[in-house]
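Q: Supplied in structure tokens, the structure appears directly below.
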Amino acid sequence: MALLLHQIPHSPYCLPVVRVLESLHVPFSIVNVSNGDRSPLIRLTQGAYYQVPILEVESETPGCPARLVFEGSDSCSDGLDVARFLDRTWGHGRLFPAAVEGLQGILIPHIESELEGLTFKLADVQSIPSITDLVERTLIVRHKERRFGKGCVEQWQLQAPELTRQLQRLLVPYDQMLAVHPFLLGPAPVYADFALYGVLANLTYQNWNPFPAGLPRLAAWFDRIRRFEFPQQAP
Ligand SMILES: N[C@@H](CCC(=O)N[C@@H](CS)C(=O)NCC(=O)O)C(=O)O
């Protein structure tokens, strides 16, 4: 089954998908999307979606159209359509084990809202000024300002030390969880680990920011999750 991932390389929602596919030994190809121009995604989904990630799963039956998987495509109420598709198709239930479904239902929204709400600002203040294409940079700033108000990127720059302190505080419980297990909820990673990897890999992408200080178990876990491979299972 040929698999294409439409992504933005530093996106906190795409980094987990790449890491999950690698750790499950699933071959895939990547199409990088411009952050400032979502028109290829709009065309691909015939107007249904403009965000990333989007998975394009080519059918093995000649003439059958490719299947597209993105938030909302499978009507998952938690927005985890892509992650749950990966789990059903290649994960053998290891990303969403029934025993920790409730815990993940609390953890993943915390990671994708509370943590991501700080990490994306710290990443943006590093990444946006480094975009060399004037039009792309201006469109991204405009997109941010429409949502967060004029001058928001400059404000986040000034607030960066305080945002970093808030992030460190929010990460303390994650560091504590790792005192008892090598991964957040047990001996092997579940999707919450990959979601947390996504926000921290976005924060530290291309050394934009250092890994948050004072969290030694989390730092050791980050090293483990970025190299983790699931044992191969018979299809
Ligand atoms: N729950 C979705 C989240 C997707 C998402 O928020 N994607 C971001 C990537 S950084 C995006 O494309 N944002 C652009 C926008 O909202 O305009 C998923 O996990 O697939």
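Q: Could you list, in sequence order, all residues of region 182-205 that are closer than 20 Å to SER127 by Cα and of a type in the set (Val, Ile, Thr)?
A: VAL199, THR204
Q: Going through ILE106, ILE140 one at a time, which residue ends up being within 16 Å of the ligand (Cβ to nearest atom) and of a type in the set (A, V, I, L, M, F, W, C)?
A: Details: ILE106 fails: within 16 Å of the ligand (Cβ to nearest atom).
Just one listed residue meets the conditions, ILE140.
Q: Does GLY186 qualify as being small (Gly, Ala, Ser) and either in contact with a Lys or Arg (Cβ under 9 Å, 6 or more places away or on another chain) or outside the structural domain of PRO27 (by TED's automatic domain parsing) (or both)? Full working, then the answer.
A: Values: small (Gly, Ala, Ser): yes; either in contact with a Lys or Arg (Cβ under 9 Å, 6 or more places away or on another chain) or outside the structural domain of PRO27 (by TED's automatic domain parsing) (or both): yes.
Spelling it out, GLY186 is indeed small (Gly, Ala, Ser) and either in contact with a Lys or Arg (Cβ under 9 Å, 6 or more places away or on another chain) or outside the structural domain of PRO27 (by TED's automatic domain parsing) (or both).
Q: For region 78-103, which residues satisfy the criterion of being within 15 Å of the ligand (Cβ to nearest atom), under 11 Å from VAL20 (Cβ atoms) and either of a type in the set (Ser, Thr, Tyr) or assigned to a loop (DSSP other than H, G, I, E, B) (or both)?
A: LEU95
Q: Do you know which of the residues in region 61-77 that are surrounded by 13 or more Cβ atoms within 10 Å (Cβ to Cβ) and more than 13 Å from the ligand (Cβ to nearest atom) is farthest from GLU101 (Cα to Cα)?
A: Filtering region 61-77 for residues that are surrounded by 13 or more Cβ atoms within 10 Å (Cβ to Cβ) and more than 13 Å from the ligand (Cβ to nearest atom), the one farthest from GLU101 (Cα to Cα) comes out as ALA66.
Results for (1) of a type in the set (A, V, I, L, M, F, W, C); (2) outside any strand (DSSP E or B), shown as yes or no for each residue.
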{"residue": "PRO16", "(1), (2)": "no, yes"}
{"residue": "VAL20", "(1), (2)": "yes, yes"}
{"residue": "ILE30", "(1), (2)": "yes, no"}
{"residue": "ALA48", "(1), (2)": "yes, yes"}
{"residue": "GLN51", "(1), (2)": "no, yes"}
{"residue": "GLU56", "(1), (2)": "no, no"}
{"residue": "SER59", "(1), (2)": "no, yes"}
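Q: Another one. For region 32-41, enumerate the residues that are away from the ligand (no atom under 11 Å from the Cβ) and either of a type in the set (Ser, Thr, Tyr) or part of a helix (DSSP H, G or I) (or both). Spell out how you get there, then give the answer.
A: Going residue by residue through region 32-41, those that are away from the ligand (no atom under 11 Å from the Cβ) are 32, 34, 37, 39-40.
Those that are away from the ligand (no atom under 11 Å from the Cβ) and either of a type in the set (Ser, Thr, Tyr) or part of a helix (DSSP H, G or I) (or both): SER34, SER39, PRO40.
Q: Can I ask one more? Within 16 Å of ALA201 (Cβ to Cβ), away from the ligand (no atom under 13 Å from the Cβ) and either in contact with a His (Cβ under 7 Å, 6 or more places away or on another chain) or not aromatic (Phe, Trp, Tyr) (or both): which single residue out of LEU21, LEU44, LEU15 fits that description? Show your work before the answer.
A: Details: LEU44 fails: within 16 Å of ALA201 (Cβ to Cβ); LEU15 fails: away from the ligand (no atom under 13 Å from the Cβ).
The conditions single out LEU21.
Q: Can I ask one more? Would you confirm whether or not region 69-81 contains a residue that is at negative phi, of a type in the set (Val, Ile, Thr) and assigned by TED's automatic domain parsing to the domain that holds ILE30? Give the derivation first.
A: Going residue by residue through region 69-81, those that are at negative phi are 69-71, 73-74, 76-78, 80-81.
Those left that are additionally of a type in the set (Val, Ile, Thr): 69.
Cutting the leftovers down to assigned by TED's automatic domain parsing to the domain that holds ILE30 gives us 69.
Scanning region 69-81 turns up at least one residue that is at negative phi, of a type in the set (Val, Ile, Thr) and assigned by TED's automatic domain parsing to the domain that holds ILE30.
Q: In addition: Kindly evaluate GLU58 against the criterion of being more than 10 Å from the ligand (Cβ to nearest atom) and modelled with pLDDT under 95. So that I can check it myself, show each step before the final result.
A: Working: more than 10 Å from the ligand (Cβ to nearest atom): yes; modelled with pLDDT under 95: yes.
Answer is yes for this residue.
The values are calculated or read from the model by the stated rules, or taken from the named source; none is laboratory data. Computed from a predicted structure; not experimentally measured. Because the Cβ atoms are built from the backbone with ideal geometry, glycine has one as well, and the counts that use them run over all protein chains shown.
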